[in-house]
Structures are given as C-alpha cells and as structure tokens.
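The values are calculated or read from the model by the stated rules, or taken from the named source; none is laboratory data. Not measured: the values here are computed from a predicted model. All Cβ positions, even for glycine, are placed from backbone atoms using ideal geometry, and neighbour counts span all protein chains on display. Just so you know, the surface numbers come from the protein's heavy atoms only, side chains and all, with ligands and any DNA or RNA stripped out. Shrake-Rupley method; radii C 1.70, N 1.55, O 1.52, S 1.80 Å.
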Amino acid sequence: MARKKEYNEDQVVEKAMHLFWKNGYETTSMQMLEKEMGINKFSIYSSFGNKHGLFLESLKCYKAKVSVILEKFKNATNGVADIKQFFYDSVDANYKGHDQKGCLVTNTYNEFSESEDQLIKEEMISFMDNLKELFIEKLKINSTKDEATILKQANYLLLAKHGLAAAARVNSQKEIEDYIEMTFVNI
C-alpha cells in the first residue's frame, strides 16, 4: 500500500519555485531543494520524477501567480497606457521586500537560451508568444498604426520587457522607473 504524502504538494512546489527564482536552475541543488521544501529526495523524486520535473512544476506555479497581473493587463482597454502599467506591475514585487529579482520566466529564458531542453523552450516560447499577442492587441487600440508598425513595436516591447526583468535584478527602483518611462517615449 502506498504511503500518504505528509506534505502539501502545492506548498512545496511554491517553495521550490522561490528557490529556483532566486538561484536559477543549475545553481539550485537537490540538497538546497530538500532543505527549502522540507521533504527528502525520495519524496521529490516520487512526486516530480526529478529536479527537472520539479522545475517544470515551479514554472507552472509561477505562471499561475503572475496570471493575476496578466489578467489585469488582458482585460484593460487603454492601449499603450495598459502596457506601461503592466511593465510597472511586473516589477513591483521586486521593491516590496521580496528577495526574488526579475522575472522567473525571463531568468529561465536567459539560463536556457543555449540549452537543448525542448520542454523548457516550449514553456518559454508559449509565455513569450502570449505576451507578444497581448502587446499587439493593446497596440491595435490606436487605430492610426499600421500592421508593420504594430509588429515592430510589439517586438521592441517584448525585448524591453526582457531587459526590464534583467535590470530589476540589480538596478534601483528609480533606475527601473526611468527605464520604463524612456521605453514608452516613442510608443
């Protein structure tokens, strides 16, 4: 008979997510995960298969957490102003006493950019494609822009969002605010 789990899987995944977010995938060891999650390797392997499986679950957990910000952005109707607010909302937690910096998706995107890991790449591409589509949708609210301009601006904003997430790891709140303001000068 299988033993009953003595831990809440959602809670341990969230703990792992914060550890991966803070340290990255490669730097996070199984020993660190055991300590942070409060469970042993056997339980990690039993529930998630391996570190990679746990990491994929951590990415899903992160996406669920940022879905509140994405839903607010998706439901907004003020075009470029909504994109700008999304930029502010996406870095807001970095300056409220949390030890995570940047965006877990962007950090992962950067860490795995040269990797052959198809599952991680698919997760990243899906997230980025969805974000780009939202940028396009918001840019189309201004009916004076042609399709080519909208696509160029969406590509620019996607790259700016990457830059913002990376900068949020090391720059001050004032520097981040200046970055956001300058990003939208010509949009």
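Which of the residues spanning region 7-26 are open to solvent by 40 Å² or more (accessible area, probe 1.4 Å) and among the hydroxyl-bearing types (Ser, Thr, Tyr)?
The one that is open to solvent by 40 Å² or more (accessible area, probe 1.4 Å) and among the hydroxyl-bearing types (Ser, Thr, Tyr): Tyr7.
Considering (1) within 13 Å of Leu56 (Cα to Cα); (2) surrounded by fewer than 17 Cβ atoms within 10 Å (Cβ to Cβ), say which one Ser143 fails and leave the rest.
(1)
If you take the residues in region 35-53 that are farther than 14 Å from Asn8 by Cα and part of a helix (DSSP H, G or I), which one is farthest from the chain's Cα centre (by Cα)?
Our first condition is that a residue be farther than 14 Å from Asn8 by Cα; within region 35-53, this holds for 35, 41-42, 45, 49-53.
Filter again for part of a helix (DSSP H, G or I), leaving 35, 41-42, 45, 51-53.
Values: Lys35: 24, Lys41: 26, Phe42: 28, Tyr45: 25, Lys51: 19, His52: 17, Gly53: 18 Å.
So the residue we want is Phe42.
Would you check which residues across region 13-34 are within 15 Å of the chain's Cα centre (by Cα) and not acidic (Asp, Glu) and list them? I'd like the intermediate steps shown before the answer.
Taking region 13-34 first, the residues within 15 Å of the chain's Cα centre (by Cα) are 14, 16-25.
Selection gives Ala16, Met17, His18, Leu19, Phe20, Trp21, Lys22, Asn23, Gly24, Tyr25.
Could you check, for region 91-102, whether at least one of its residues is surrounded by fewer than 19 Cβ atoms within 10 Å (Cβ to Cβ) and modelled with pLDDT of 85 or more?
no
Somewhere in region 104-117, is a residue under 22 Å from Lys84 (Cβ atoms), aliphatic (A, V, I, L, M) and modelled with pLDDT of 90 or more?
No, the conditions are met nowhere in region 104-117.
Can you pull out the residues in region 73-90 that are part of a loop (DSSP other than H, G, I, E, B) and crowded, with 16+ Cβ neighbours inside 10 Å? Steps first, answer last, please.
So in region 73-90, the residues part of a loop (DSSP other than H, G, I, E, B) come out as 76-79.
Ala76, Gly79 - these are the residues of region 73-90 that are part of a loop (DSSP other than H, G, I, E, B) and crowded, with 16+ Cβ neighbours inside 10 Å.
Here is a check on your reading of the model: is Leu70 without any contact (Cβ under 8 Å) to a residue 40 or more places away in the chain, aliphatic (A, V, I, L, M) and in a helix (DSSP H, G or I)?
Values: without any contact (Cβ under 8 Å) to a residue 40 or more places away in the chain: no; aliphatic (A, V, I, L, M): yes; in a helix (DSSP H, G or I): yes.
No.
Quick one: in region 33-47, which of the residues that are in contact (Cβ under 8 Å) with a residue 12 or more places away in the chain and not acidic (Asp, Glu) is most open to solvent (accessible area, probe 1.4 Å)?
So the first thing to find is which residues in region 33-47 are in contact (Cβ under 8 Å) with a residue 12 or more places away in the chain, and the list is 33, 36-39, 43-44, 47.
Still in the list and also not acidic (Asp, Glu): 33, 37-39, 43-44, 47.
Values: Leu33: 0, Met37: 6, Gly38: 64, Ile39: 18, Ser43: 24, Ile44: 0, Ser47: 29 Å².
Among those that are in contact (Cβ under 8 Å) with a residue 12 or more places away in the chain and not acidic (Asp, Glu), it is Gly38.
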